[in-house]
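*Asks:* I'd like to ask you about the structure that follows.
The values are calculated or read from the model by the stated rules, or taken from the named source; none is laboratory data. Quick caveat, the model's predicted, so the values are computed rather than measured. Counting neighbours? That spans all protein chains shown, and the Cβs are built from the backbone with ideal geometry, glycine included. The area values use the complete protein model at the heavy-atom level, side chains included, leaving out ligands, DNA and RNA. Shrake-Rupley method; radii C 1.70, N 1.55, O 1.52, S 1.80 Å.
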Amino acid sequence: MRWEPISKPTELRAWSNMPDYEQVRRAFDWTAARSQLSGLPGGRGLNIAYEAVDRHALGGRADVAALRCVDKQDRVTEISYGELRDRTNRFANVLRDLGVGKGERVYTLLGRVPELYVAALGTLKAGCVLAPLFSAFGPQPVYDRLQIGEGAALLTTPRLYRNKIRQLRADLPQLRHVLLVGDGAAEPGTIGFANALAQAGTEFEIPPTSPEDWALLHFTSGTTGRPKGAVHVHGAVVAHHTTAAYALDLRPDDVFWCTADPGWVTGTSYGIIAPLTHGATVVSDEGEFDARRWYRVLAEQRVTVWYTAPTALRMLMRHGPELASRYDLSALRYVASVGEPLNPEVVVWGQEVLGLPVHDNWWQTETGAIMISNYPAEEVRPGSMGRPVPGVEVGLLERGEDGRARVAHGKVHELTGADVEGELALRPGWPSMFRGYLHDEARYAASFADGWYLTGDIAARDSDGYYWFVGRADDVIKSAGHLVGPFEVESVLMEHPAVAEAGVIGKPDPVAGELVKAFVSLRPGHAPNDELRTELLAFGRRRLGAVAPKELDFDADLPHTRSGKVMRRLLKSRELGLPEGDLSTLEKAR
Ligand code: ATP
Ligand code: MG
């Protein structure tokens with residue numbers, strides 16, 4: 001293996017939430033994990049918002065800061081656990097008074113403003129299902145998602161309402177209430193959020209909530225096609241809480257920043273719920289990615305634990321170590337990443353520039369919480385996603401012709417031992433497992449075989465049980481008899497000093513079946529020209545041999561999903577002149 005593991009100091013073990021991985025894993029069970037939470041008073045069930053807010057507000061931590069929201073002008077709004085309890089109670093009362101009932105969907109289409117957090121948690125208190133949308137979606141994706149989930153209420157701003165909802169509202173008969181946040185001309189048929197909140201009472205008794213009651217409706221990133229609406233239940237909070245302790249090392253005194261927007265599952269599971277269940281302080285930033293701004297937020301907010309994504313880290317890396325050195329990042333003690341393969345280069349950059357390795361972890365909208373992770377006190381293997389979360393069983397299944405797990409007469413073949421590669425599969429049974437794709441039962445049923453949930457990702461396992469991402473089943477390239485994972489090729493290209501980011505696809509080829517084609521964006525100071533192209537192809541050949549890219553194009557704006565993933569399917573359809581497919585989650589060029 002080329003990249004040396006990064007070992008951890010032994011003091012960390014004594015101090016860690018998980019002093020010994022194997023031991024915790026053997027002893028772990030989800031019932032005991034649930035007992036870390038309090039449940040609703042009087043044994044009335046388990047409600048996410050109670051665990052996130054009321055438990056701390058009523059448990060002597062009412063004055064601790066729950067939220068610190070930084071706005072675009074760098075002003076900070078701080079909300080304590082006590083205030084958050086009041087406001088979420090008020091919002092739950094607003095919903096009740098409007099007659100929005102248990103299980104009905106409440107959508108948010110808002111930037112990362114304090115009202116978003118109040119609405120999200122108030123919705124959960126009221127027993128309604130929260131469906132957060134990313135505020136930069138255009139009118140059509142908003143409409144489609146509102147329709148799929150039959151949204152009964154929507155919170156948005158006057159501007160977003162005028163631009164994205166008003167003209168479509170007549171076609172959304174189920175949408176009974178629209179609440180507007182912030183200033184702006186009153187719009188007919190809408191309710192002012194601030195006013196409604198001010199008039200509502202601060203006392204609210206959370207109705208009995210079963211752990212199986214629906215809580216969240218989350219749309220996937222749409223990397224492979226049309227986004228799916230995954231349903232999660234209140235019981236998921238047990239997994240949010242547990243994984244935040246083990247994989248993110250969270251404690252009550254942490255200042256935690258998750259850079260994902262709550263419109264994506266990461267921004268809700270870990271941007272709202274998990275850190276609050278630990279009683280930590282959550283930082284949110286309304287601004288968009290900007291290297292200087294992000295370093296500033298880390299420094300000024302004294303962030304201790306940071307959860308972000310590979311593209312953002314790659315961009316920070318592109319700006320060089322000197323920029324990082326201008327900020328005081330001394331409060332930072334833990335950095336984790338999710339959403340896309342994390343190139344080993346980036347893990348090592350973290351160690352060198354931030355003084356901390358980046359801990360990669362893996363999960364999906366469907367899994368609701370982290371499933372595989374490099375743990376705080378355990379050695380980090382650059383390029384590996386890590387090992388399974390305690391309480392989660394992971395398997396690799398033999399693949400068939402179509403690249404997915406081979407199912408014969410209802411049976412799959414699990415690959416045992418080390419150094420095997422197959423479709424990554426999970427044994428259902430952890431609490432944040434999705435309970436369905438809304439209105440798409442066939443697709444849900446097709447995600448399971450022989451007692452496994454099939455993830456659609458391909459991974460390998462080493463002799464110590466660390467998992468290594470190879471690619472999505474639909475991205476893996478078959479070239480001249482070799483199976484090529486795009487991630488490996490991209491990571492090697494990124495080791496060249498000129499390359500900032502790479503996206504690799506398979507291009508049909510009459511001889512090889514597919515040939516490997518790379519698209520790369522460059523670091524500042526490097527010009528795209530034929531000489532550099534030749535050099536990069538030669539660099540790839542030296543390092544990768546037969547699976548090296550045969551073609552390479554420069555692309556200053558590699559297409560990304562709004563949740564930060566390189567959209568390889570779009571690179572491919574553009575290359576082949578095919579229809580571009582569903583682009584509702586495409587990030588505009590930055
Ligand atoms: P869609 O399902 O709509 O195509 P998506 O799969 O990108 O979109 P998400 O649920 O947001 O939607 O993303 C989960 C996927 O992201 C995983 O299945 C995997 O492909 C990728 N992913 C997440 N974390 C990692 C990681 N640490 N390393 C590699 N890939 C990751
Ligand atoms: Mg997916």
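*Asks:* Assuming a ≥ b ≥ c are the square roots of the Cα gyration tensor eigenvalues, decide whether the stretch 477-576 counts as rounded (a/c under 1.5), prolate (otherwise, with a/b larger than b/c) or oblate.
*Replies:* Judged from the Cα gyration tensor, the stretch 477-576 comes out oblate (a/c at least 1.5, b/c at or above a/b).
*Asks:* What nm distance separates the two modelled labels at ASP71 and ALA445, each placed 7 Å from Cα along Cα→Cβ?
*Replies:* Result: 5.1 nm between the two label points.
*Asks:* How many percent of the accessible area of the stretch 477-576 is carbon or sulfur, using a 1.4 Å probe? Please report the intermediate quantities before stating the final value.
*Replies:* Numbers: 2190 of 4110 Å².
It is 53 percent, rounded to a whole number.
*Asks:* With +1 assigned to the C-beta of every Lys and Arg and -1 to the C-beta of every Asp and Glu, and no other charges, what is the dipole magnitude of the stretch 414-476 about the Cα centre in debye, to the nearest 20?
*Replies:* That gives the stretch 414-476 a dipole magnitude of about 320 debye.
*Asks:* A further question on this structure: So which trypsin sites (Lys or Arg not before Pro) in the stretch 49-135 pass both tests, a DSSP loop state and at most 16 other Cβ atoms within 10 Å of the Cβ?
*Replies:* Loop-located and lightly packed - ARG61, LYS72, ARG75, LYS102.
*Asks:* Okay, next question. Take the cross-link list LYS478/LYS565; LYS164/LYS565; LYS411/LYS507 and give me the ones stretching past 27 Å between alpha-carbons.
*Replies:* LYS411/LYS507
*Asks:* Jot down the per residue volume, in cubic angstrom and as a whole number, of the convex hull over the alpha-carbon atoms of the stretch 80-234.
*Replies:* With only Cα atoms used, the stretch 80-234 gives 114 Å³ per residue.
*Asks:* When only C-alpha pairs under 8 Å and at least 6 residues apart count, what is the relative contact order of the chain, in percent?
*Replies:* Once normalised by length, the contact order is 12 percent.
*Asks:* Once phi is turned into ³J(HN,Hα) by the Karplus curve 6.51 cos²θ - 1.76 cosθ + 1.60 with θ = phi - 60°, what whole-Hz value does each residue of the stretch 265-281 show in order, with x for glycine and proline?
*Replies:* Per residue, the Karplus-derived 3J(HN,Hα) values read 4, 4, x, 9, 4, 10, x, 10, 5, 4, x, 5, 5, 8, x, 7, 9 Hz.
*Asks:* Charges at C-beta only: +1 for Lys and Arg, -1 for Asp and Glu. How large is the resulting dipole of the chain about its Cα centre, in Debye rounded to 20?
*Replies:* In total the dipole reaches around 820 debye.
*Asks:* Give, in nm to one decimal, the length gained when the segment between ARG44 and ASP582 is fully stretched (0.36 nm per residue of separation minus the Cα-Cα distance). If you can, show how the numbers build up before the last one.
*Replies:* Values: separation 538, 0.36 × 538 = 193.68 nm, distance 4.27 nm.
Contour length minus the Cα-Cα distance gives 189.4 nm.
*Asks:* Could you please state, rounded to a whole Å, how far the C-alpha centre of the stretch 150-225 is from the C-alpha centre of the stretch 496-525?
*Replies:* Their Cα centres are 42 Å away from one another.
*Asks:* How large is ³J(HN,Hα) for each residue in the stretch 299-307, as worked out from phi by the Karplus curve 6.51 cos²θ - 1.76 cosθ + 1.60 (θ = phi - 60°), to whole Hz, x for Gly and Pro?
*Replies:* Those phi angles translate into 6, 5, 8, 6, 5, 9, 10, 10, 10 Hz.
*Asks:* Name the residues whose placed amide hydrogens come within less than 5 Å of the amide hydrogen of GLY192, ignoring near sequence neighbours (fewer than 5 apart) on the same chain.
*Replies:* Amide H neighbours of GLY192: LEU180.
*Asks:* Moving on to the next point. Taking the dipole about the Cα centre of the stretch 487-560, with the C-beta of Lys and Arg at +1 and of Asp and Glu at -1, give me whichever of ALA556, LEU532, LEU544 is farthest to the positive side.
*Replies:* Checking the options against the dipole of the stretch 487-560, the answer is LEU544.
*Asks:* Tell me which GluC sites (Glu not before Pro) from the stretch 116-212 have a DSSP coil assignment and no more than 13 other beta carbons within 10 Å of their own. Write down the numbers at each step before the final one.
*Replies:* Details: sites: GLU150, GLU203, GLU205, GLU212; in loops: GLU150, GLU203, GLU205, GLU212.
Those satisfying the criteria are GLU203, GLU205, GLU212.
*Asks:* Still on this structure, I have one more. Using the charge dipole of the chain (Lys, Arg: +1 at Cβ; Asp, Glu: -1 at Cβ; taken about the Cα centre), state which of PRO510, ILE272, PRO19 has its Cα farthest towards the positive end.
*Replies:* Farthest towards the positive pole: ILE272.
*Asks:* While we're here: I'd like the distance separating the alpha-carbon centroids of the stretch 390-466 and the stretch 104-148, in whole Å.
*Replies:* 31 Å
*Asks:* Report, by chain and number, residues whose modeled amide H sits under 5 Å from the one on ALA131, excluding near sequence neighbours (fewer than 5 apart, same chain).
*Replies:* The list, which skips near neighbours in sequence, is VAL106, TYR107, THR108, LEU217.
*Asks:* Still on this structure, please answer the following. Where does each of 366-375, 535-544 land if you order them by average Cβ count within 10 Å, highest first?
*Replies:* Highest mean packing first, the order is 366-375, 535-544.
*Asks:* For a protection proxy built on the mean count of beta-carbon atoms within 10 angstrom, sort 387-396, 274-283, 520-529 highest first, please.
*Replies:* Descending mean neighbour count gives 274-283, 387-396, 520-529.
*Asks:* Then there's this: Using each residue's phi in the stretch 13-18, evaluate 6.51 cos²θ - 1.76 cosθ + 1.60 at θ = phi - 60° and report the 3J(HN,Hα) Karplus result to the nearest Hz, with x for Gly and Pro.
*Replies:* 4, 4, 8, 6, 5, 9
*Asks:* Of all beta bridges DSSP finds with both residues in the stretch 80-234, what is the antiparallel percent, to the nearest 5?
*Replies:* Among the beta bridges of the stretch 80-234, antiparallel pairing accounts for roughly 20 percent.
*Asks:* Then there's this: How charged is the neighbourhood of GLY184? Take every other residue with its Cβ under 9 Å from the Cβ of GLY184, and add Lys/Arg as +1 and Asp/Glu as -1.
*Replies:* 0
*Asks:* Can you compute log10 of I(q)/I(0) for the chain with the Debye formula, treating each Cα as one identical point scatterer, at q = 0.06, 0.08, 0.11, 0.12 Å⁻¹?
*Replies:* With no solvent term, the Cα-only Debye profile gives -0.29, -0.53, -1.05, -1.26.
*Asks:* Among LEU95, THR108, ALA200, whose Cα lies farthest out toward the positive end of the dipole of the stretch 80-234, if unit charges sit on the beta carbon of Lys, Arg (+1) and Asp, Glu (-1)?
*Replies:* Ranked along the dipole, the leading option is THR108.
*Asks:* Between GLU495 and LEU58, how many nm apart are label points set 7 Å from Cα along the C-beta direction?
*Replies:* So the label points at GLU495 and LEU58 sit 5.6 nm apart.
*Asks:* Which value, in debye to the nearest 20, describes the size of the charge dipole of the stretch 309-406 about its Cα centre when Lys and Arg Cβ atoms bear +1, Asp and Glu Cβ atoms bear -1, and nothing else is charged?
*Replies:* The dipole magnitude comes to about 120 debye.
*Asks:* List the lysines whose Cα sits under 23 Å from the Cα of LYS102, skipping any in the same chain fewer than 8 residues away.
*Replies:* Once the sequence-local lysines are set aside, what remains near LYS102 is LYS125, LYS228.
*Asks:* Can you give me the relative contact order of the stretch 456-530 as a percent, contacts being Cα pairs under 8 Å and 6 or more apart?
*Replies:* The value is 23 percent.
*Asks:* Another question, then. Pairwise over distinct Cα atoms, reciprocal of the mean inverse distance: report the Kirkwood radius of the stretch 148-196 in Å, one decimal place. Please list the in-between numbers first.
*Replies:* Details: mean 1/r = 0.0912 Å⁻¹.
When all Cα pairs of the stretch 148-196 are included, the Kirkwood radius is 11.0 Å.
*Asks:* Okay, next question. For an R0 of 35 angstrom, estimate the FRET efficiency from the Cβ-Cβ distance between ALA480 and ARG292 and round to the nearest 0.05. Show your work: numbers first, answer last.
*Replies:* Values: r = 45 Å, r/R0 = 1.30.
Once rounded, the FRET efficiency stands at 0.15.
*Asks:* Counting DSSP beta bridges with both partners in the chain, what percentage is antiparallel, nearest 5?
*Replies:* Of all bridge pairs located within the chain, approximately 55 percent are antiparallel.
*Asks:* DSSP loop (so not H, G, I, E, B), at most 10 other Cβ within 10 Å: list which GluC sites (Glu not before Pro) in the stretch 30-103 pass both filters.
*Replies:* Answer in residue order: no site qualifies.
*Asks:* Given a Förster radius of 22 Å and the C-beta distance between GLU300 and GLU322 as r, what FRET efficiency does 1/(1 + (r/R0)^6) yield to the nearest 0.05?
*Replies:* The calculated FRET efficiency here is 0.70.
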